[in-house]
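Encoded as structure tokens, the structure appears first; notes follow it.
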Amino acid sequence: MKHQQQHIIFIVGIALLLFGLIIRYSVGRRRFNRRNQFGNPEYQGYNQSLVTRGGEGCAKGLGTLLILAGLVLIFVGLA
């Protein structure tokens, strides 16, 4: 029973790690694609800039937390 629980924890850890990496990759890709030829981000207006940067900041933080939680669960599953 304990071996099966460790296996499930390990798989959940890998899933969280991958999901966190996907979130961080997609945020970085959106930021990159929004830049013009001079390297400055382009927004339709100030409000869009605030909402976009705030949302991306939250998503990036969530991705980081998922990566850390995934790593912890992977190490717990291996123990």
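The values are calculated or read from the model by the stated rules, or taken from the named source; none is laboratory data. Note that the coordinates shown come from a computational prediction; the quantities given were computed from them, not determined experimentally. Positions of Cβ are generated from backbone atoms using ideal geometry, with glycine treated the same way; all protein chains shown enter the neighbour counts.
Values for this structure:
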{"quantity": "Residue list for region 1-56, restricted to those being more than 18 Å from the chain's Cα centre (by Cα) and hydroxyl-bearing (Ser, Thr, Tyr)", "calculated": "Tyr43, Tyr46, Ser49"}
{"quantity": "Filtered residue count, region 23-43, keeping only those that are assigned to a helix (DSSP H, G or I), free of Cβ contacts under 8 Å to residues at least 12 places away in the same chain and either of a type in the set (A, V, I, L, M, F, W, C) or surrounded by 15 or more Cβ atoms within 10 Å (Cβ to Cβ) (or both)", "calculated": "1"}
{"quantity": "Selected residue (criterion: nearest to Gly20 (Cα to Cα)) from residues of region 44-58 that are surrounded by 10 or more Cβ atoms within 10 Å (Cβ to Cβ) and either among the small types (Gly, Ala, Ser) or modelled with pLDDT under 90 (or both)", "calculated": "Gly57"}
